[in-house]
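A.B. asks: Dropping a structure here in structure tokens format, bear with me for questions.
The values are calculated or read from the model by the stated rules, or taken from the named source; none is laboratory data. Since we're looking at a predicted model, the values are computed, not measured. Reconstructed Cβ throughout: ideal geometry from the backbone, glycine too, with neighbour counts over all protein chains shown.
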Amino acid sequence: MIALLLRDLKLSVRAGGGALIGVLFFMTVVAVIPFGVGPDLNLLSRIGPAIVWIGALLSALLGLDRMFQTDREDGSLDLLLMQEHPLVLTVLVKCLAHWLGNGLPLVIASPLLGLFMNMSEVAIGATMLTLLVGTPALTFIGAVGAAVAVVLPRGGLLVSILVLPLAIPVLIFGVSASYAAVEDPAPFMPPFLILVAITMFFAVIGPIGAALALRNSAD
Amino acid sequence: MMRLTAENLSARRGEDLIFKDISFVLDRGESLVLTGRNGSGKSTLLRTVAGLLRPESGRVVWQSESADPGMRAAEACHYLGHRNAMKAEMTVSENLSFWKEFLGDFSGGHGMSVGEAAESVGLGGIVHLPFGYLSAGQQRRMAFAKLLVAWRPVWILDEPTAALDVSAEEVFTGLIKEHLAAGGIALAATHQPLGLENARELRMTGFAGVMEEMW
Amino acid sequence: MPESLAITKFSDLANPTRFLGLAARILPWMAGITAILFAIGLYLTFASEGDYQQGMTVRIMYVHVPAAWLSMMCYSVMAASAIGTLVWRHPLADVSHKAAAPLGAAFTLIALATGSLWGKPMWGTWWVWDARLTSVFVLFLMYLGLIALNRAMDDPGKAARVSAVLILVGFVNIPIIKFSVDWWNTLHQPASVIRLDGPTIDKEFLWPLLIMAIAFTLLFFTLHIAAMRNEIWRRRVSAQRRMAARMAGKEA
């Protein structure tokens, strides 16, 4: 299992810089927003956490449909499926590797974008923390979509459509926790803890669903 | 005692029933060669035995002293498909040691080291190169070396010698014979005769019907 | 009636032919009862007094509420069928959830559209990001996604299994979406939470609503069985066409 984690990490670093593309997309999306809503710094700092979260959500989706696709193309997926490690665990490890390679760079890049958005230090910290906790959930949800994408010849976009509604709770609580850290009356902990709970919930549901889809889609 | 049994296997691709009621029993040291033209269902049968396709009917059973009865037969199998299951971005030795660690040894045998396995397929000197730099023939040989690094009693080989020169074919045949001599079992689909003595042959004819009765 | 049908669908009706036979026998009856109930329901709807606050627009409720209820029940039917697909690998279960998805989308669309029509005179706007509206809208998107997924795959068996996985994942997720959207709403605009349930329902409104709800439910099951029957016929035709193609190939 460690071997699988290391292999996927190596691949995500070497294979055309998937992580880099994700971060670039993240920055581009966030950079486009001020052109749309105007360069009003007060407004930007108010909507900043939400923008950063939406940007992270979109960039997390960007690389997800490739999660099992590359393994299918070179035949590795067959061998992964034949081993009962069990399969759910294999999928979980692949999710972790994918998050380390694609999700974590987004979290690391988020403070910079927070500065661009004129957010306060507290807001930047809170957004980064919620992203750290919330993006794994996006990866786990996306794993189901990625497993489905394996059988779709041109599935990338369709998978995003199917996965986005499932990501709504993560977005809601991620953004509410970020706001709660800045705005006084609302407490930070309740939405944050719910976000943690959602991530843990999807850490179970995601790999089970993905393993089920992979088993049923083999041909 | 080691035995791979297939009972009344049927499988379909889409709505087409590819084959119906295929049964065979393979004991240690025995091999089965599937022949037939393209699209006759050789690959489908191999993938069904490897547990990658769910059979429409029937089952595949693996029996041995050490195996608990509920185990999936696929656990005892190596599968070499049309694709090599190696990553072009990683070096050959990284690829092979990943599979060695991930697959692990099945009870009753030990895999070779990465270096030995590469020697066995005649490419000992180039394990440090990225897999993508190798020629198609060399890639196929290295994919075969994958079978040697982790011990599995059953080898399932889908066109192992496609696009290979004669010398490579001889190497493969030799390795398969060694595997059989060591008490292994081999299932192979080929166009060319593999040169295995007393291998049994199963001729696939393809297309057994449309799944009409289902509806 | 609906319950007993669901049970037979998964256990007794092992083969599609028996299902077709049963469908042919009960469909006219179900369609007839549905029509009668709709006639009674609609009569009561228009005979009842308008609400003194809402006037005529209250009558939208008799379509809106049953449609909204069915949008959720349809998803439950699909989830049950999805379990049938994955656990028992029953071809009828495949057909069932495939046939239900467009119906669910249609009822959800009706609920959204009538809700919007109702909202304009009552709230002064076509749409608000209220908790319930948002989660129903998400449900609508999921129906459309599932339909698109089914159409994107050639092999119906594989399409059924893969969409069954997504249906089930969506099914556990819908309560979470509902719950989180509720929360989100109360966090951000506690003052403007709009109550959809309005004043406690009077007997005057209850009877027509109840009859309309039953009529809609029966309509759903009638359409569902008819859609399943069509899907089975469609698959039979395609199986025979394949057979013809393969046979022609053998002779050549």
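A.B. asks: Here is a list of conditions, (1) at pLDDT 85 or above; (2) farther than 30 Å from B:A74 by Cα; (3) under 13 Å from the mean Cα position of the chain (by Cα); (4) not aliphatic (A, V, I, L, M), and A:W99 meets all of them except one; can you say which number that is?
C.D. replies: All conditions are met except number (2).
A.B. asks: Within the stretch A:90-98, is even one residue basic (K, R), part of a helix (DSSP H, G or I) and within 14 Å of another protein chain (Cβ to nearest Cβ)?
C.D. replies: Yes; the residues of the stretch A:90-98 include at least one that is basic (K, R), part of a helix (DSSP H, G or I) and within 14 Å of another protein chain (Cβ to nearest Cβ).
A.B. asks: Say we look at the stretch A:142-156 and pick out the residues that are in a helix (DSSP H, G or I) and modelled with pLDDT of 80 or more; which of these is nearest to A:L77 (Cα to Cα)?
C.D. replies: A:A147
A.B. asks: Condition test on C:A79, is it away from chain B (no Cβ under 14 Å) and in a helix (DSSP H, G or I)?
C.D. replies: Yes.
A.B. asks: Could you pull out the residue among B:T35, B:T5, B:T48, B:T91 that is hydroxyl-bearing (S, T, Y) and without any contact (Cβ under 8 Å) to a residue 40 or more places away in the chain?
C.D. replies: B:T48
A.B. asks: Sticking with this structure for a sec: Can you name the number of the only condition in (1) closer than 30 Å to B:Y133 by Cα; (2) in contact with a Leu (Cβ under 8 Å, 6 or more places away or on another chain) that B:S10 fails?
C.D. replies: Of the numbered conditions (1) closer than 30 Å to B:Y133 by Cα; (2) in contact with a Leu (Cβ under 8 Å, 6 or more places away or on another chain), the odd one out for B:S10 is (1).
A.B. asks: For the stretch A:157-166, name all the residues that are at pLDDT 85 or above and surrounded by fewer than 24 Cβ atoms within 10 Å (Cβ to Cβ).
C.D. replies: Passing the criteria: A:L164, A:P165.
A.B. asks: Take the residues in the stretch C:165-189 that are more than 8 Å from chain A (Cβ to nearest Cβ) and closer than 28 Å to C:W88 by Cα, then tell me which one is surrounded by the most Cβ atoms within 10 Å (Cβ to Cβ).
C.D. replies: C:I167
A.B. asks: Report, by residue number, each residue of the stretch A:113-152 that is without any contact (Cβ under 8 Å) to a residue 24 or more places away in the chain and over 17 Å from the mean Cα position of the chain (by Cα).
C.D. replies: A:L115, A:E121, A:I124, A:L152
A.B. asks: Next question. Restricted to the stretch C:82-127, and to residues that are in a loop (DSSP other than H, G, I, E, B) and in contact with a helix residue (DSSP H, G or I) (Cβ under 7 Å, 6 or more places away or on another chain), which residue is surrounded by the most Cβ atoms within 10 Å (Cβ to Cβ)?
C.D. replies: C:H90
A.B. asks: Just need a number here: residues in the stretch A:44-78 that are more than 14 Å from chain B (Cβ to nearest Cβ), surrounded by fewer than 18 Cβ atoms within 10 Å (Cβ to Cβ) and more than 22 Å from A:P34 (Cα to Cα).
C.D. replies: Final tally of qualifying residues: 0.
A.B. asks: Restricting attention to the stretch C:128-160, which residues are assigned to a loop (DSSP other than H, G, I, E, B) and farther than 19 Å from A:V144 by Cα?
C.D. replies: C:V128, C:W129, C:D130, C:D154, C:D155
A.B. asks: Quick one: is A:A181 over 17 Å from the mean Cα position of the chain (by Cα) and part of a helix (DSSP H, G or I)?
C.D. replies: Considered against the rule, which asks whether it is over 17 Å from the mean Cα position of the chain (by Cα) and part of a helix (DSSP H, G or I), A:A181 comes out as yes.
A.B. asks: For the stretch C:118-132, how many residues meet the condition of being within 14 Å of another protein chain (Cβ to nearest Cβ) and in contact with a Phe, Trp or Tyr (Cβ under 7 Å, 6 or more places away or on another chain)?
C.D. replies: Result for the stretch C:118-132: 0.
Table: residues versus (1) under 10 Å from A:M82 (Cβ atoms); (2) within 12 Å of chain A (Cβ to nearest Cβ).
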residue	(1), (2)
B:L45	no, no
B:T48	no, yes
B:R54	no, yes
B:S57	no, no
B:V61	no, no
B:E65	no, no
B:P69	no, no
B:Y79	yes, yes
B:N84	no, yes
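A.B. asks: Sticking with this one: Consider A:G114 carefully, then state whether it is of a type in the set (G, A, S) and under 17 Å from A:V175 (Cα atoms).
C.D. replies: So A:G114 fits the description; yes.
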